[in-house]
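Below: one structure, written as structure tokens.
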Amino acid sequence: MAASVKNKKCLVIGGCGFLGRHLCEGLLERGWTVNVFDIRSTFEDSRIKFFIGDLCKKEDLLPALEGVYCVFHCASPAPLSNNKALFYKVNYEGTRNVIEACKEAGVKRMVLTSSASVVYEGKGIRNGREEELPYAAKPLDYYTETKILQERTSLEANSDDFYTVAIRPHGIFGPRDLQLVPITVDMARKGKTKFIIGDGKNVVDFTYVGNVVHGHILAAEHIGPGSPANGKAYHITNDEPIFFWTFMTRLLTGLGYPAPRIHLPYSLLYVVALFLQFVAWIVSPLVIFTPSLSPMKVALAGTDHFYNCENAKRDLGYSPVFTLDQALKLTIESYPEMRNPEEKKGS
Ligand SMILES: NC(=O)C1=CN([C@@H]2O[C@H](COP(=O)(O)OP(=O)(O)OC[C@H]3O[C@@H](n4cnc5c(N)ncnc54)[C@H](OP(=O)(O)O)[C@@H]3O)[C@@H](O)[C@H]2O)C=CC1
Ligand SMILES: CC(C)CCC[C@@H](C)[C@H]1CC[C@H]2C3=C(CC[C@]12C)[C@@]1(C)CCC(=O)C[C@@H]1CC3
């Protein structure tokens, strides 16, 4: 049964990021008192108390944890940054630090933002259930490798004194998104979105940020003494699997760009991505460069990866609040600056 959270105080670690800020807005609407902890400041809100610091430093965290009922840990370095050392420092060592600081400050609950990628290693996943999918034995990138360590550490910390739960969203998109929409538009403006990787029939989940926020808040309201959610991981999706390339076509055409139309063999692109990754590794002692075509991106664009969220429905009372149609409309409308500048000239 959901606990009453009226005026309970929470801390959103990573609250100045894409998901974090939406989470703050959702929590405020739900009646929570919200503190934000982040390494940077990206917005102001008189209802929120901001703490700027590094989650890897306990002395930065402790003041922000005073009187906190629940911590939402959704901080991470940028998922596609490929910075191994930073991923380990923040996602693994930093999360251990967050857990220690929570216990020291007497915080009793933590909701971790994990990722559905923790079980994905480039092979197709269709309607994947949490209890049927082991952690990826061969993660495709350092980000995923450290998200596995982060989730495992967080769930193992669960006890009757400190309740933890992990939310595994997949392919989050929405207003103020920093990954999916900006990267896709950048590729479109460089003429790189005319290609379809593979046969174009791979089915995936994309999850609207409003639904991810809803899942996080339900998780915080449900963990506690005797809850079936304690120490568990939950897939949170839109529950509307879609062809990856249908989604991309709707997003691109909705922003005034042409639809992808030329098929390229998946295996060829994957080999090219592996070669570029090898070259980046060879030159890394001299220069850091992150190829735009990575094995992870190619795999995500060319294989099935959609997940079952029945466990979240059963234990958290989750169901998507926004449909994919509503979500795409809200997202496209929120990005006037991302529209194809050529469409105006053509009209
Ligand atoms: N975007 C997606 O599609 C998905 C994301 N996720 C997970 O959701 C969470 C949020 O992702 P998203 O909103 O996209 O990411 P963002 O990068 O937008 O937000 C993360 C925030 O955490 C901050 N941060 C990073 N390192 C530290 C640190 N050492 N101390 C304090 N704050 C720090 C970031 O600051 P800075 O920008 O300066 O690094 C940023 O403000 C992440 O845990 C991610 O793994 C899961 C599935 C899909
Ligand atoms: C091929 C192009 C037309 C479009 C490229 C879109 C990609 C930038 C995105 C498609 C799937 C996205 C995704 C993530 C980042 C952006 C994409 C690769 C994540 C890796 C972000 C962090 C996660 O936890 C998992 C996400 C999976 C899906």
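Quick note: the coordinates plus some simple rules give every number you see, no bench work behind them. Bear in mind the structure is a predicted one, so any value in this text is a computation, not a measurement. Backbone-built Cβ (ideal geometry, glycine too); neighbour counts: all protein chains shown.
Here the stretch 189-347 is assigned +1 on the Cβ of each Lys and Arg and -1 on the Cβ of each Asp and Glu. Its dipole about the Cα centre then comes out at about 640 debye.
When DSSP beta bridges are restricted to pairs lying wholly in the stretch 49-171, around 10% turn out antiparallel. Note on the chain: the alpha carbon radius of gyration divided by the globular reference 2.2 N^0.38 Å gives 0.98. Only helical runs count toward this figure. For the chain, summing -39,500 (n - 2.57) over DSSP H runs of n ≥ 4 and dividing by all residues gives -11000 deg cm²/dmol at 222 nm.
Couplings 3J(HN,Hα) of the stretch 167-173, computed from phi: 9, 10, x, 9, x, 6, 9 Hz, in residue order, whole Hz [Karplus 6.51 cos²θ - 1.76 cosθ + 1.60, θ = phi - 60°; x for Gly and Pro]. The alpha-carbon atoms of the stretch 108-176, seen along their principal axes, cover 38, 33, 25 angstrom, with the largest extent given first. Using Cβ point charges alone (K and R +1, D and E -1), the dipole size of the stretch 196-272 about the Cα centre works out to roughly 200 debye. Dimensions of the stretch 24-128 based on its C-alpha atoms, expressed as ranges along the principal axes with the largest first, amount to 45, 31, 28 Å.
Comparing Cα centroids, the stretch 237-279 and the stretch 316-347 end up 18 angstrom apart.
Considering only alpha-carbon pairs that sit under 8 angstrom and 6 or more positions apart, the relative contact order computed for the stretch 143-253 is 38 percent. For the stretch 166-244, dividing the convex hull volume of the Cα atoms by the residue count gives 104 Å³ per residue. Listed values for the stretch 263-275 are Karplus-derived 3J(HN,Hα) couplings in whole Hz (6.51 cos²θ - 1.76 cosθ + 1.60, θ = phi - 60°), namely 6, 10, x, 4, 4, 5, 4, 5, 5, 4, 5, 5, 5, and x replaces Gly and Pro. The region of the chain that goes longest without hitting one of the GluC sites (Glu not before Pro) in a DSSP loop, each with at most 12 other Cβ atoms within 10 Å, is 67-347. Short-range pairs are left out: with C-alpha atoms under 8 Å and at least six residues apart, the relative contact order of the chain is 18 percent.
Across the stretch 237-316, Cα-Cα pairs farther apart than 15 Å form 70% of the total.
DSSP bridge analysis restricted to the chain gives an antiparallel fraction near 10%, rounded to the nearest 5. Kindly provide the chymotrypsin sites (Phe, Trp or Tyr not before Pro) of the stretch 252-295 that DSSP labels as loop, not H, G, I, E or B, and whose Cβ sees at most 16 other Cβ atoms within 10 Å. Sparse-neighbourhood loop chymotrypsin sites (Phe, Trp or Tyr not before Pro): PHE289.
The overall shape of the stretch 136-179 is oblate: from the C-alpha gyration tensor, with semi-axes ordered a ≥ b ≥ c, the ratio a/c is 1.5 or greater and a/b is no larger than b/c. Around the Cα centre of the stretch 295-347, unit charges on the Cβ atoms of Lys, Arg, Asp and Glu (plus for the first two, minus for the last two) sum to a dipole of about 80 debye. The 3J(HN,Hα) values that the Karplus relation (6.51, -1.76, 1.60; θ = phi - 60°) gives for the stretch 129-137 are, in residue order, 9, 4, 6, 9, 10, x, 4, 4, 6 Hz. Gly and Pro appear as x.
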